[in-house]
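> Provided herewith is a single structure, encoded as structure tokens, for subsequent inquiry.
The values are calculated or read from the model by the stated rules, or taken from the named source; none is laboratory data. Computed from a predicted model, the values in this text were never measured in an experiment. Every residue, glycine among them, receives a Cβ derived from its backbone with ideal geometry; neighbour counts consider all protein chains shown. We work out accessible area using only protein heavy atoms, side chains counted, and drop any ligands, DNA or RNA first. Shrake-Rupley method; radii C 1.70, N 1.55, O 1.52, S 1.80 Å.
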Amino acid sequence: MTGKIPDHYSGGGNLADRIARDLRAKGLEPAELATADFEALDEFHFRGRAATLELASQMRLTARSEVLDIGSGLGGVARTIAQTAGCHVTGIDLTPELCAAAAEISGWLGLSEKTLFLQGDATDLPFADNSFDAAITVHAAMNIAAKDRMYAEARRVLRPGGRFAIFDILQGEGGEMIFPVPWAAEPSISYLARPKEMETLLRAAGFKLLHSTNSTSESLRWLEQRTAGTGPSPLVPVTTRLLFGDGYTLMVQNQLRALRERRMLTCGFLCSA
């Protein structure tokens, strides 16, 4: 997986410098902020930090846990887990620019020793068998065609009994997606699975499926509140718009329509290795 996907998420480059510059222009010093303050920027998945905390609560984590975040982006999920569980989280992402920015933000927040961000391919993980106690992936598989290899690799690097938490966007029954959306400006890098297909893929990879959830209605309400400005204001006034520029407004509008028409679903799966 190379080329278009890293280009889509690179945000024009120099992300950490641009984030720091924008924060300071608004009178905020990056190193004086807290992990939760960055939610509108670095947890750019439906329901944000609340969804991450829900997933983490199901993963049986302790301070000794070694956790893998597959598709770690700007590192928000990894930092939330590292901070709240006290454990170490390794993030892997295909986009070098996201990995570099994630490491820089962790440095600002004093979490460099608890987080590590590596550039790599989710379908060919650079880790030995049985390396992690738990794994998580949040809004990443939409860009991955070879989901069978992705989940087989997740199973390979997990220790027996380790939990794998998944929260992703899936194909709904209401018709095909309308582009652009935040994970794809056009269809060639969008690969949405259907719920039943996900269950088949996870079981085929060797996982035991513990339970699944469909949070599409909650995601729609959350996004409606965000776009209407009726939800809580971001603590940090730098958001995911930084990554996607002027096209971000249309991406969000297309997501709203897709959720309302059930062209897309948001679903979670909890598995045991």
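> Of all residues in segment 191-231, which are open to solvent by less than 80 Å² (accessible area, probe 1.4 Å), free of Cβ contacts under 8 Å to residues at least 40 places away in the same chain and not in a loop (DSSP other than H, G, I, E, B)?
Within segment 191-231, SER217, GLU224, THR227, ALA228 qualify.
> Could you please let me know if LEU33 is over 30 Å from SER215 (Cβ atoms) and either more than 15 Å from the chain's Cα centre (by Cα) or at pLDDT below 90 (or both)?
Working: over 30 Å from SER215 (Cβ atoms): no; either more than 15 Å from the chain's Cα centre (by Cα) or at pLDDT below 90 (or both): yes.
Spelling it out, it is not the case that LEU33 is over 30 Å from SER215 (Cβ atoms) and either more than 15 Å from the chain's Cα centre (by Cα) or at pLDDT below 90 (or both).
> Could I ask something else about it? Would you confirm whether any residue within segment 160-172 is in contact (Cβ under 8 Å) with a residue 24 or more places away in the chain, outside any helix (DSSP H, G or I), of a type in the set (Asp, Glu) and more than 23 Å from GLN255 (Cβ to Cβ)?
The initial filter retains those residues of segment 160-172 that are in contact (Cβ under 8 Å) with a residue 24 or more places away in the chain, namely 160-172.
Those still in the list that are outside any helix (DSSP H, G or I) too: 160-172.
Retained after the next criterion (residues that are of a type in the set (Asp, Glu)): 168.
When the remaining residues are screened for being more than 23 Å from GLN255 (Cβ to Cβ), the result is none.
No, the conditions are met nowhere in segment 160-172.
> Give me the pairs, please: first residue somewhere in segment 232-256 and under 18 Å from MET177 (Cβ atoms), second residue anywhere and of a type in the set (S, T, N, Q) and modelled with pLDDT of 80 or more, beta-carbon distance under 7 Å, and either six or more positions apart or on two chains.
VAL252/THR227; LEU256/THR227
> Looking only at segment 16-32, how many residues end up being open to solvent by less than 30 Å² (accessible area, probe 1.4 Å) and over 25 Å from ALA140 (Cα atoms)?
Narrowing segment 16-32 to residues open to solvent by less than 30 Å² (accessible area, probe 1.4 Å): 16, 19-20, 23, 30.
Still in the list and also over 25 Å from ALA140 (Cα atoms): 20, 23, 30.
Number satisfying all stated conditions: 3.
> Okay, next question. Anything in segment 33-43 that is charged (D, E, K, R) and either farther than 21 Å from ASP168 by Cα or open to solvent by 30 Å² or more (accessible area, probe 1.4 Å) (or both)? List them, or say none.
ASP37, GLU39
> Residues of segment 155-180 being small (Gly, Ala, Ser) and either at negative phi or surrounded by 19 or more Cβ atoms within 10 Å (Cβ to Cβ) (or both), which ones? Explain how you work it out, then say what you get.
The initial filter retains those residues of segment 155-180 that are small (Gly, Ala, Ser), namely 161-162, 165, 172, 174-175.
Residues satisfying the conditions are GLY162, ALA165, GLY172, GLY174.
> State which residue pairs qualify: first residue touching a residue at least 12 places away in the same chain (Cβ under 8 Å) and farther than 22 Å from ARG79 by Cα and inside segment 24-36, second residue in a loop (DSSP other than H, G, I, E, B) and not hydrophobic (A, V, I, L, M, F, W, C) in any location, beta carbons under 8 Å apart, and separation of 6 or more residues or different chains.
Correct list of pairs: LYS26/PRO237.
> Moving on to the next point. Mind listing whichever residues of segment 241-258 are within 22 Å of LEU41 (Cβ to Cβ) and among the hydrophobic types (A, V, I, L, M, F, W, C)? Steps first, please.
At the first step, the residues of segment 241-258 found to be within 22 Å of LEU41 (Cβ to Cβ) are 241-256.
Answer for segment 241-258, where residues must be within 22 Å of LEU41 (Cβ to Cβ) and among the hydrophobic types (A, V, I, L, M, F, W, C): LEU242, LEU243, PHE244, LEU250, MET251, VAL252, LEU256.
> What's the total number of residues in segment 16-43 that are in contact with a helix residue (DSSP H, G or I) (Cβ under 8 Å, 6 or more places away or on another chain) and part of a loop (DSSP other than H, G, I, E, B)?
The number of residues fulfilling the criteria is 3.
> Which one of the conditions (1) free of Cβ contacts under 8 Å to residues at least 40 places away in the same chain; (2) within 21 Å of the chain's Cα centre (by Cα) does PHE46 fail to meet, given that it meets all the rest?
(1)
> Anything in segment 1-10 that is surrounded by fewer than 16 Cβ atoms within 10 Å (Cβ to Cβ) and not in a loop (DSSP other than H, G, I, E, B)? List them, or say none.
If the condition is that a residue be surrounded by fewer than 16 Cβ atoms within 10 Å (Cβ to Cβ) and not in a loop (DSSP other than H, G, I, E, B), then LYS4, ASP7 are the ones that fit.
> Is at least one residue of segment 262-272 of a type outside the set (A, V, I, L, M), at pLDDT below 95 and crowded, with 17+ Cβ neighbours inside 10 Å?
Here is the first cut: in segment 262-272, the ones of a type outside the set (A, V, I, L, M) are 262-263, 266-269, 271-272.
Going one step further and asking which of them are at pLDDT below 95, we end up with none.
Within segment 262-272, none of the residues are of a type outside the set (A, V, I, L, M), at pLDDT below 95 and crowded, with 17+ Cβ neighbours inside 10 Å.
> May I ask you to list the residues in segment 53-75 that are over 18 Å from the mean Cα position of the chain (by Cα) and of a type outside the set (D, E, K, R)?
Within segment 53-75, LEU61, THR62, ALA63, SER65 meet the criteria.
> Here is a follow-up. Please tell me if GLY13 is buried (at least 23 other Cβ atoms within 10 Å of the Cβ) and not in a helix (DSSP H, G or I).
Details: buried (at least 23 other Cβ atoms within 10 Å of the Cβ): no; not in a helix (DSSP H, G or I): yes.
Criteria not met by GLY13.
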